[in-house]
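Engineer: Have a look at the structure that comes next, please.
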Amino acid sequence: NSYILILQGLKYPGLKSFAPDKPGEIFLMDLNEEKPRAVELRISRGFDLASFNPHGISTYIDKDDTVYLFVVNHPHQKSTVEVFKFVEDDNSLVHLKTIRHDLLISVNDIVAMGPDSFYATNDHYFSDFILMFLEMFLGLTWSNVVYYSPKEVKEVAAGFYSANGINISPDKKYIYVADILDHKVHVMEKHANWNLTHAKTLQLDTLVDNLSVDPDTGDIWTGCHPNGMKLFYSDPENLPASEVLRIQNILSEEPVVTRVYADDGSVLQGSSVASVHGGKLLIGTVFHRALYCEL
């Protein structure tokens, strides 16, 4: 599929926002176009757009080719997962349901497993802003991964400093979890009962944010923060840098990690996600612009 979805408008505690009063938006880019442009997707009536504060995103394509879009939302500093159906004919999203649960405390990212099931990362144990920072300061490993379905909701992996990006291998056997504060990507084996067990860990020397997986090669592409503290400074003289890593053969004895893009913040600030398609690289950020470039 050549479509890429882009979220805009996240308001997150401690991070600056260029448009604090503007609700979140979802854009679609068709990378098959010669000069791709981001087209805003209209969201159906009945959904509270005013409090829409989108964070993580995942899609699931059903057997009948229905495209379900799962979006992590933080309305009024809470955590929900919104489920939409994508209508390609008129570039719109029909809101199907809002999912809330006591185990979905501080959701960062999700990976869809079915039309109404997913894995989600909680990046903190506490949702309260002050307790959240205390948790980071004390280095508590209370962050986790939760499996959600209408029949069963359970914690499936724990012991992270801050579980952030999550994704799945092309063969659907492994789940990848980025622990941003621990500079690691964890490989978890997925079992028939949806539980996860630890398979291996890849140590990196940068803060790993979101993970995207190339469906053809299995390579993991990640947007990283070489110095995460700069995200919180808002100092024009000391901009947050950007870095994109490509991880090849993560399951092998010798995974290959390549630094594909690096910038000191003069072009791109706070890279958080990277995705590749047909020799083109799209890099997203926490609050800055997106960058589309040739590899």
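Engineer: Obtain the nm distance between the two label points defined at residue 229 and residue 66 by a simple spin-label model: each point lies 7 Å from its Cα along the Cα-to-C-beta direction.
Structural biologist: Label-label distance for residue 229 and residue 66, simple model: 5.0 nm.
Engineer: If you don't mind, there's one more thing I want to ask. Please calculate how many Å² of accessible area the chain carries per residue, with a 1.4 Å probe and no DNA, RNA or ligand atoms counted.
Structural biologist: 49 Å²
Engineer: Moving on. In straight Cα distance, which aspartates and glutamates are under 17 Å from residue 151, not counting same-chain residues fewer than 8 positions off?
Structural biologist: In chain and number order, the partners are 102, 116.
Engineer: For Kirkwood radius over Cα pairs in Å, pick the label among [x] 21.3; [y] 19.3; [z] 33.7 that corresponds to the value derived from the coordinates.
Structural biologist: Of the listed options [x] 21.3; [y] 19.3; [z] 33.7, [y] comes from this structure.
Engineer: Any lysines with Cα under 16 Å of the residue 85 Cα? List them, leaving off those in the same chain fewer than 8 positions away.
Structural biologist: Cα-Cα hits under 16 Å: 63, 97.
Engineer: Over 19 Å between C-alpha atoms is what I'm after, so list which of 11/78; 154/190; 190/280; 78/190 land there.
Structural biologist: Checking Cα-Cα distances, 190/280; 78/190 exceed 19 Å.
Engineer: In whole Å, what is the distance between the alpha-carbon centres of segment 74-104 and segment 122-189?
Structural biologist: 20 Å
Engineer: Follow-up. For residue 251 and residue 200, calculate 0.36 nm times their separation in residues minus their Cα-Cα distance, and state this gained length in nm to one decimal.
Structural biologist: Working it through step by step, the gained length comes to 17.6 nm.
Engineer: Please label the shape of segment 191-295 as rounded, prolate or oblate, based on the square roots a ≥ b ≥ c of the eigenvalues of the alpha-carbon gyration tensor (a/c under 1.5 means rounded; beyond that, a/b larger than b/c means prolate, else oblate).
Structural biologist: Since a/c reaches 1.5 and a/b is larger than b/c, the shape of segment 191-295 is classed as prolate.
Engineer: As an exercise, use a Förster radius of 22 Å and the Cβ-Cβ distance of residue 184 and residue 59 to find the FRET efficiency, rounded to the nearest 0.05.
Structural biologist: With a Förster radius of 22 Å, E is 0.25.
Engineer: When the accessible area of segment 177-248 is split by element with a 1.4 Å probe, what percent falls to carbon and sulfur?
Structural biologist: 47 percent
Engineer: Follow-up. Determine the dipole magnitude for segment 100-257: charges of +1 sit on the beta-carbon of Lys and Arg, -1 on that of Asp and Glu, nothing else is charged, the reference point is the Cα centre, and the result goes in debye to the nearest 20.
Structural biologist: For this selection, approximately 420 debye.
Engineer: Pulled fully out, how much extra length does the chain show between residue 30 and residue 96, if you take 0.36 nm times their separation in residues and subtract their Cα-Cα distance?
Structural biologist: Stretched fully, the residue 30-residue 96 segment lengthens by 21.3 nm.
Engineer: What is the distance, in nm, between label points placed 7 Å from the Cα along the Cα-to-Cβ direction at residue 129 and at residue 42?
Structural biologist: The two pseudo-label positions are separated by 3.6 nm.
Engineer: Turning to a different aspect of this structure: How many nm separate the modelled label positions at residue 152 and residue 49, each set 7 Å beyond the Cα in the direction of the Cβ?
Structural biologist: So the two model labels end up 4.0 nm from each other.
Engineer: With a ≥ b ≥ c the root eigenvalues of the C-alpha gyration tensor of segment 2-128, is it rounded (a/c under 1.5), prolate (a/b larger than b/c) or oblate?
Structural biologist: oblate
Engineer: Say R0 is 41 Å: what FRET efficiency, to the nearest 0.05, do residue 171 and residue 78 get from their beta-carbon distance?
Structural biologist: That pair, residue 171 with residue 78, gives E of 0.70.
The values are calculated or read from the model by the stated rules, or taken from the named source; none is laboratory data. Predicted model only: the values in this text are computed from it and were never measured. All Cβ positions, even for glycine, are placed from backbone atoms using ideal geometry, and neighbour counts span all protein chains on display. Areas reflect the complete protein model, heavy atoms only, side chains present, ligands, DNA and RNA absent. Shrake-Rupley method; radii C 1.70, N 1.55, O 1.52, S 1.80 Å.
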